[in-house]
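Novice: Have a look at the structure that comes next, please.
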Amino acid sequence: MKTSRYSRLLSFRAALPPGLPALSFLAGLPVPIFLAALLGLVIIAGCGEKSPLEPAEGPIPARIAPRVKVIPENDSLSLNGFDGSFLMMNDPHQSSAIGEGDLVVGTGGGGYIRKVISASRQGPLLCLETVPGYLTDAVESGRIDTVLEIGLASTGAAEYAVGGRAGEIASAVRTDALYRPDRLWTAPGVSLAGGRLDLSGFIIYRNEIPVSPAEISVSEGYVDFTPVLESGFTIISYFIHEVHAIAEGTLDLNFAVRSDLPEETDIAGELPVASVEKTIIQYIGRVPVVEKATLSFILKYQVEGVFSGDCRSAISHSTDYRIGSRYYYGAWSDERTALSSYHSHSFECEDYASCRMEIRVIPRLDISFYSVPAFRIEIQPYLGYQAETQTPPFWAWELSGGTLADCIFDPGIIGSQPGGRAASLVENRLLLEAGPYATDHYIFVLAWGSVGYGDYNFEYPRGIALDGDENVYVTDNWNHRVQIFDADSTFITAWGTKGSGPGQFQFPADIASDAAGNIYVVDNGNHRIQKFLPDGTLLLSWGSKGGGAGQFESPEGIALNQAGEILVTDSYLHRVQKFAPDSTFIDSWGSLGTGPGQFNSPMGIVVDPAGYIYISECYNHRVQKFSPEGDCQFEWGGSGTGPGKFNCPFDLAIDPDNNIVVTDYGNHRVQVFDSAGDFIATLGSPGISEGEFVHPVGLVSSPSGNLYVVDSGNRRVQKFKKKPQ
């Protein structure tokens, strides 16, 4: 089975953006103008103007607006309730002086920051009519930087840093972050094991109708996802100077999928798998900032067609990514990088498969400030199966995968500027594996053979033929013999030895069979044709080296017409000879040249049901079509690598649709044409895997549409099934 694996696991770290532009233009001014300009800047700064030239690097002391009222959430003053625009405060001592224009900030109810429009009292209950407030209304300057490792482990701890630069914020803390979450939920059939989500046994789809029960499930599988989140903002002069949210990490999926959908199916859906929440409180000066991180997992599926008979596959998908957005001094920039690796085993069904299945696992990371969503990062790794089967074991499947990711940024709770932002990661899609090899016209079935001298071994196999039971006869060129196999490659027997005596061979070339099951072998090195019974008993031999009628010089190809007459390409003499079934010479035609009816090393020959004859020429790189009488009808081909071009076309076959199949020796492929010579399809490419060839030579097609190709350079035979069109 061919397996393709792409494994590149890299880590990414973005550089910090450059600092403020230097005020070097002042250095070239005359001294009086320089002092005046400098004084102007000082006055502007001293008057509290919102100047974008204030430095962002270095310590930033937390400065809080004078109208900020922090609700301590204790017995003296606490949140009673929040209804629309109204905040209700418990003020048992009636000592709080909160009025119009004040900003109230607290951690109750998930956090809030509200601007007061009016205030009224009902005994100890303080009722405040409010509108949403921004952090930039409450904070003149300050910074929050968060680096948070988000995981699913139930124990352990990770460092959670607030304000990495000394003096920026009053405190730094350590917390269990999401390792000890406030809330953890998993769907039935999903559990936590070592920080991973274990989905073994998770039911994706089930239909329990007695007539046709159907199911898709994860027989074994896990999701491992521990992103590192970098988020934060910087406020200077009540303006947002910088804001960012970037997630970086590795997402690993490892699934063994099992399905049985015996009836035609078209279903789609999504299932919640797990979610975890953690609330974090940070401080800018005395102002608390409430952040809530929610990590959720959704499994999404789409299935069309039929998976019948306990179909199974195992896949793994790993993606290293970094995604997010950063606003810095009035400009946005994006972090968008992802590299994936995949591995899979074939999707195999006991009965039948003609379908498409796609599974997505969607981790979604939501961060809220004061319970209002600030940004969302969503990663969607996906895997898709496509399977097609006629009659087992003739089946084909394909597995593809990729990663989609989005970062949606709305820092409105921080300030009215800079507004929203959305960044999308370009889809990363790869063909993971195809097997068995399949094209639009053929499906790989099996291959057999290897280099050597024993049974199943070949030394440059050359010709191939089928008898009425679809037993396969292969001329083993350098081993000077014929090997016989059944249609499923089981070895039956072999006969022939090196020599020039009766029944011996010197580099046997092409081979053919007649309606009675007799076998004809082109004995190339002995310049003759030999006729055998299927068990190797010699019946007839004719020919010798020479240029006369019935003589040969390195004959190559052989075919029989409907009358049982034998046609042989006399390669070195650039002609075709025709014989009666008893070997009596009938006719010959051809000479060396490039014109119609001429040849330069004719190789393969085949006769269609109407009696027309097709002959391939290695060095003219073409195929010629002749009437049953040997008159040239037309030609096609030419030297090249494109569709319809050849590099030494070698042998030919007629498929059940009367198409002409040609082995393109030097281009390591097989090409298919209609009877008019128009190109239809290509099968194969250079290589050693399924559906790949090294110098293909002989080929034959069965009445049922099986195509057998002698892959000489790989010392094997490959069998393909023709797909119904």
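Novice: Going by the structure shown, is Asn647 in contact with a Leu (Cβ under 7 Å, 6 or more places away or on another chain) and open to solvent by 20 Å² or more (accessible area, probe 1.4 Å)?
Specialist: no
Novice: On the given criteria, is Pro288 over 30 Å from Ser259 (Cβ atoms) and part of a strand (DSSP E or B)?
Specialist: In short, yes.
Novice: Output yes when any residue across region 684-698 is crowded, with 23+ Cβ neighbours inside 10 Å and modelled with pLDDT under 95, and no when none is.
Specialist: Yes, because at least one residue in region 684-698 is crowded, with 23+ Cβ neighbours inside 10 Å and modelled with pLDDT under 95.
Novice: Kindly list, by first and then second residue, each pair from a residue in region 636-654 that is touching a residue at least 12 places away in the same chain (Cβ under 8 Å) and among the polar types (S, T, N, Q) to a residue that is open to solvent by 10 Å² or more (accessible area, probe 1.4 Å) and outside any loop (DSSP other than H, G, I, E, B), limited to pairs with Cβ atoms under 8 Å and residues at least 6 apart or on different chains.
Specialist: Listed pairs, sorted by first residue: Thr641/Asn667; Asn647/Ser639; Asn647/Tyr665; Asn647/Gly666; Asn647/Asn667.
Novice: Take Ala293 and tell me if it is of a type in the set (A, V, I, L, M, F, W, C), in contact with a His (Cβ under 7 Å, 6 or more places away or on another chain), under 30 Å from Ile203 (Cα atoms) and touching a residue at least 12 places away in the same chain (Cβ under 8 Å).
Specialist: No: the conditions fail for Ala293.
Novice: Here's something else I'd like to know. Filter region 559-601 for residues that are buried (at least 22 other Cβ atoms within 10 Å of the Cβ) and of a type in the set (Val, Ile, Thr) and give the result.
Specialist: Ile566, Val568, Thr569, Val576
Novice: Look at region 274-287 and say how many of its residues are of a type in the set (Ser, Thr, Tyr) and open to solvent by less than 20 Å² (accessible area, probe 1.4 Å).
Specialist: 1
Novice: Separate question: Return the only residue of Gly419, Gly449, Gly384 being more than 25 Å from the chain's Cα centre (by Cα) and at pLDDT below 85.
Specialist: Every option except Gly419 fails the conditions.
Novice: Only one of (1) open to solvent by less than 10 Å² (accessible area, probe 1.4 Å); (2) of a type in the set (Val, Ile, Thr); (3) free of Cβ contacts under 8 Å to residues at least 12 places away in the same chain is not met by Thr490, so which one is it?
Specialist: (1)
Novice: Separate question: So Pro363 clears everything in (1) surrounded by 18 or more Cβ atoms within 10 Å (Cβ to Cβ); (2) not in a strand (DSSP E or B) except one condition, right? Which one?
Specialist: (2)
Novice: Hey, can you tell me all the residues within region 235-273 that are closer than 30 Å to Ile209 by Cα and surrounded by 21 or more Cβ atoms within 10 Å (Cβ to Cβ)?
Specialist: Phe255, Val257, Ser259, Leu261, Val273
Novice: Looking for something surrounded by fewer than 18 Cβ atoms within 10 Å (Cβ to Cβ), more than 20 Å from Phe693 (Cα to Cα) and touching a Ser or Thr at 6+ places or on another chain (Cβ under 7 Å) - is there at least one such residue anywhere in region 625-642?
Specialist: Yes, some residue in region 625-642 is surrounded by fewer than 18 Cβ atoms within 10 Å (Cβ to Cβ), more than 20 Å from Phe693 (Cα to Cα) and touching a Ser or Thr at 6+ places or on another chain (Cβ under 7 Å).
Conditions tested, residue by residue: (1) at pLDDT below 80; (2) of a type in the set (Val, Ile, Thr); (3) assigned to a strand (DSSP E or B).
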position	(1), (2), (3)
Pro52	yes, no, no
Pro61	no, no, no
Lys69	no, no, yes
Asn80	no, no, yes
Gln94	no, no, no
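Novice: Which residues, counting only those in region 65-87, are under 52 Å from the mean Cα position of the chain (by Cα) and surrounded by 12 or more Cβ atoms within 10 Å (Cβ to Cβ)?
Specialist: Passing the criteria: Gly81, Phe82, Ser85.
Residues are listed down the side, and each one gets a yes or a no for (1) part of a loop (DSSP other than H, G, I, E, B); (2) among the acidic types (Asp, Glu); (3) over 30 Å from Ser354 (Cβ atoms):
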residue: Ile204; (1), (2), (3): no, no, no
residue: Ile209; (1), (2), (3): yes, no, no
residue: Glu215; (1), (2), (3): no, yes, no
residue: Glu248; (1), (2), (3): no, yes, yes
residue: Val257; (1), (2), (3): no, no, no
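Novice: Across region 331-351, what is the number of residues that are part of a strand (DSSP E or B), crowded, with 20+ Cβ neighbours inside 10 Å and not acidic (Asp, Glu)?
Specialist: Residues in region 331-351 being part of a strand (DSSP E or B), crowded, with 20+ Cβ neighbours inside 10 Å and not acidic (Asp, Glu): 4 in total.
Novice: Are there strands (runs of 3 or more DSSP E) fully within region 517-584 with at least 1 residues that are within 20 Å of Asp651 (Cβ to Cβ)? List them.
Specialist: Output list reads 519-523, 528-532, 555-560, 566-570, 575-579.
Novice: Quick one: would you say His480 is modelled with pLDDT of 95 or more, farther than 25 Å from Gly611 by Cα and either buried (at least 17 other Cβ atoms within 10 Å of the Cβ) or among the aromatic types (Phe, Trp, Tyr) (or both)?
Specialist: Yes; evaluated as a whole, the condition is true for this residue.
Let's see how each residue does on (1) modelled with pLDDT of 90 or more; (2) among the hydrophobic types (A, V, I, L, M, F, W, C); (3) more than 24 Å from the chain's Cα centre (by Cα); (4) closer than 19 Å to Ser191 by Cα:
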{"position": "Val243", "(1), (2), (3), (4)": "yes, yes, yes, no"}
{"position": "Ile246", "(1), (2), (3), (4)": "yes, yes, yes, no"}
{"position": "Gly249", "(1), (2), (3), (4)": "no, no, no, no"}
{"position": "Glu263", "(1), (2), (3), (4)": "no, no, yes, no"}
{"position": "Gly269", "(1), (2), (3), (4)": "yes, no, no, no"}
{"position": "Val287", "(1), (2), (3), (4)": "yes, yes, yes, no"}
{"position": "Leu299", "(1), (2), (3), (4)": "yes, yes, no, yes"}
{"position": "Gln302", "(1), (2), (3), (4)": "yes, no, no, no"}
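Novice: May I pose another question? Condition first: free of Cβ contacts under 8 Å to residues at least 60 places away in the same chain and either within 21 Å of Ile235 (Cβ to Cβ) or open to solvent by less than 20 Å² (accessible area, probe 1.4 Å) (or both). Now tell me which residues in region 100-117 satisfy that.
Specialist: Answer for region 100-117, where residues must be free of Cβ contacts under 8 Å to residues at least 60 places away in the same chain and either within 21 Å of Ile235 (Cβ to Cβ) or open to solvent by less than 20 Å² (accessible area, probe 1.4 Å) (or both): Gly101, Asp102, Leu103, Val104, Gly108, Arg114, Lys115, Val116.
Novice: Filter region 118-166 down to the residues that are surrounded by fewer than 14 Cβ atoms within 10 Å (Cβ to Cβ), more than 28 Å from Asp182 (Cβ to Cβ) and of a type in the set (A, V, I, L, M, F, W, C), then identify the one that is modelled with the highest pLDDT.
Specialist: Val131
Novice: Residue pairs, Cβ under 8 Å, 6 or more apart or interchain, first in region 506-523 and touching a residue at least 60 places away in the same chain (Cβ under 8 Å), second in a strand (DSSP E or B) and among the aromatic types (Phe, Trp, Tyr). List them.
Specialist: Cβ pairs passing all conditions: Ile511/Tyr473; Ile511/Tyr520; Asp514/Tyr520.
Novice: Could you go through region 281-294 and let me know if any residue there is of a type in the set (S, T, N, Q) and either in contact with a Cys (Cβ under 9 Å, 6 or more places away or on another chain) or over 30 Å from Arg143 (Cβ atoms) (or both).
Specialist: No - not one qualifying residue is present in region 281-294.
Novice: Given the structure, is Tyr614 open to solvent by less than 10 Å² (accessible area, probe 1.4 Å), in contact with a Lys or Arg (Cβ under 7 Å, 6 or more places away or on another chain) and more than 25 Å from Lys498 (Cβ to Cβ)?
Specialist: Yes; evaluated as a whole, the condition is true for this residue.
Novice: Out of all the residues in region 668-693, which are touching a Pro at 6+ places or on another chain (Cβ under 8 Å), over 18 Å from Lys722 (Cβ atoms) and not in a loop (DSSP other than H, G, I, E, B)?
Specialist: Glu692, the sole residue that qualifies.
Novice: Could you say which residue among Gly454, Gly463, Gly415 is open to solvent by less than 10 Å² (accessible area, probe 1.4 Å), farther than 28 Å from Gln380 by Cα and in a loop (DSSP other than H, G, I, E, B)?
Specialist: None of the others qualify; the one that does is Gly415.
Novice: Any residue in region 487-503 that is under 24 Å from Ser616 (Cβ atoms) and either in a loop (DSSP other than H, G, I, E, B) or modelled with pLDDT under 95 (or both)?
Specialist: No, every residue in region 487-503 fails to be under 24 Å from Ser616 (Cβ atoms) and either in a loop (DSSP other than H, G, I, E, B) or modelled with pLDDT under 95 (or both).
The values are calculated or read from the model by the stated rules, or taken from the named source; none is laboratory data. Owing to the predicted nature of the structure, the values given are computational and were not obtained by experimental measurement. When we count neighbours, we look across all protein chains shown, and the Cβ atoms used for this are built from the backbone with ideal geometry, even at glycine. Heads up: the accessible areas ignore ligands, DNA and RNA and are worked out on the full protein's heavy atoms, side chains in. Shrake-Rupley method; radii C 1.70, N 1.55, O 1.52, S 1.80 Å.
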